[in-house]
Each structure stands twice: as structure tokens, then as C-alpha cells.
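A.B. asks: Sharing a structure here in C-alpha cells format.
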Amino acid sequence: QIVGYAGRRDPLYEQTTPAPFLGASGWFLASTYLPLAGLSRETVSWHNILKCRWNHTNDLPKGAEYEEAVKICTETYLRIPPSATTIIAHGAASWAFFQGPDKPITEWRGYCGDEWHGRRVYATLHTADCLRDPHARFLARLDWKKLRHLRDEQWPNPLPEPTVASEASRADFLRLLT
């Protein structure tokens, strides 16, 4: 099973190297988060929604110029293989591309949004955010562990049948809590 992975280009390390996610964020992603999901660099199809930099600098364009740059880059370069069943939208920019601007990643991280061309789209915080914020790092670890369960089709679980609380149903309630 191949997972399409979409993010935004790391400006410091990808200027001279034609591969995504190679900087500190990429190393942390490959050594920490991908293993939690049962993935590796070799089992993931890597993609960027924004491959270029505005005026050949590390600054991102703003507003309409940013939207136009993402449109051009994705139409020109984004080719997720047919075998990819899940897209990991890595960070707010990637999430906004796949889900639109009205679904903040902070409310959706760790969950799937609407399908995109028949593929699940799973939201994760960008690794760079996790490097800056230890709280985000903890949340991301939970999200990447959950992604493993999603891949193994062990999550999300169906809602349980309604049960009346009684001594006879005690085991059912305890199972829900574990």
C-alpha cells in the first residue's frame, strides 16, 4: 500500500537537492513519525504542492500570487500514483489544497477529511511546527500512531450499539474505554 505524502518544500535543504523533505524536518519525519505509522521513505510516494519559490527567494508569495503558484505547481507536477490509497496532508498549506480554506488543520489533525479523487486525506501537523512546539510534537505522535491503525483498517471503529448500563453490560463499557 502506497501512501501519497503532500507537503510544502523545505527552503533550506531542497534548493540544490531535487528530492522532498530532506532537511531537519525531513529527517525528523523519517526517523520519528513515519515509523509510528508503519511507513518508511521507500514506501511513501512524496509530493509537494508548492515546488517553487517566489522571485527565487525562500519567501512564499501572498494571497492571490500564492494561490496561483500552488495552482501552477500542482497542475504541472502533482502526480499521485493510482496505487496511493491515502494522502497525508502534511501541514496547513497541503491540507488547505486538498480540503479548502474553511477546514483549519488545527481542528482536523489526526482525522480524515473529504476524499480527494477517491483517496482518503489524513491531516497532520507539519514537522517543522512540531520541532518548534513540544506540545505539537506530542499530538503529532498520537496522530501518526492513529495513521497506522487507519492503514490497517482498524480505525475508525464503528459506533457501538446502544447499551443500557447494568452489571451485565459492565464488560462492554470497559472494552469501550480501552
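The values are calculated or read from the model by the stated rules, or taken from the named source; none is laboratory data. Source: prediction; values computed, not measured. Quick reminder, even Gly has a Cβ in these numbers, built from the backbone with ideal geometry, and neighbours come from all protein chains shown. Accessible surface is based on the protein model in full, side chains and every heavy atom, while ligands, DNA and RNA are left aside. Shrake-Rupley method; radii C 1.70, N 1.55, O 1.52, S 1.80 Å.
A.B. asks: For region 138-178, how many residues meet the condition of being open to solvent by less than 100 Å² (accessible area, probe 1.4 Å) and either among the polar types (S, T, N, Q) or within 30 Å of Val44 (Cα to Cα) (or both)?
C.D. replies: Qualifying residue count for the region: 19.
A.B. asks: What number of residues in region 40-88 are touching a Ser or Thr at 6+ places or on another chain (Cβ under 7 Å) and among the hydrophobic types (A, V, I, L, M, F, W, C)?
C.D. replies: Filtering region 40-88 down to residues touching a Ser or Thr at 6+ places or on another chain (Cβ under 7 Å) leaves 49, 80-81, 84, 88.
Then keep just the ones that are among the hydrophobic types (A, V, I, L, M, F, W, C); that gives 49, 80, 84, 88.
So the count comes out to 4.
A.B. asks: Follow-up. Residues His135, His117, His126: which one is crowded, with 19+ Cβ neighbours inside 10 Å and either among the hydrophobic types (A, V, I, L, M, F, W, C) or out of contact with any Pro (no Cβ under 8 Å at 6 or more places or on another chain) (or both)?
C.D. replies: Values: His135 fails: crowded, with 19+ Cβ neighbours inside 10 Å; His117 fails: crowded, with 19+ Cβ neighbours inside 10 Å.
On inspection, the qualifying residue turns out to be His126.
A.B. asks: Exactly one condition in (1) open to solvent by less than 40 Å² (accessible area, probe 1.4 Å); (2) in contact (Cβ under 8 Å) with a residue 24 or more places away in the chain; (3) not basic (Lys, Arg) is not met by Pro61; state its number.
C.D. replies: Of (1) open to solvent by less than 40 Å² (accessible area, probe 1.4 Å); (2) in contact (Cβ under 8 Å) with a residue 24 or more places away in the chain; (3) not basic (Lys, Arg), only one is false for Pro61: (2).
A.B. asks: In this structure, is Ala128 touching a residue at least 60 places away in the same chain (Cβ under 8 Å) and part of a helix (DSSP H, G or I)?
C.D. replies: On the way: touching a residue at least 60 places away in the same chain (Cβ under 8 Å): yes; part of a helix (DSSP H, G or I): yes.
When the stated conditions are applied, Ala128 passes them.
A.B. asks: Can you give me the number of residues within region 42-58 that are in contact (Cβ under 8 Å) with a residue 12 or more places away in the chain, surrounded by fewer than 14 Cβ atoms within 10 Å (Cβ to Cβ) and assigned to a helix (DSSP H, G or I)?
C.D. replies: Number of matching residues: 1.
A.B. asks: Could you tell me how many of the residues in region 152-171 are at pLDDT 80 or above and closer than 29 Å to Tyr122 by Cβ?
C.D. replies: Within region 152-171, residues that are at pLDDT 80 or above and closer than 29 Å to Tyr122 by Cβ number 5.
A.B. asks: Go through Thr86, Thr106 for me and flag whichever is more than 20 Å from Asn157 (Cα to Cα) and either at pLDDT 90 or above or in contact with a Pro (Cβ under 8 Å, 6 or more places away or on another chain) (or both). Give the derivation first.
C.D. replies: On the way: Thr86 fails: more than 20 Å from Asn157 (Cα to Cα).
It is Thr106.
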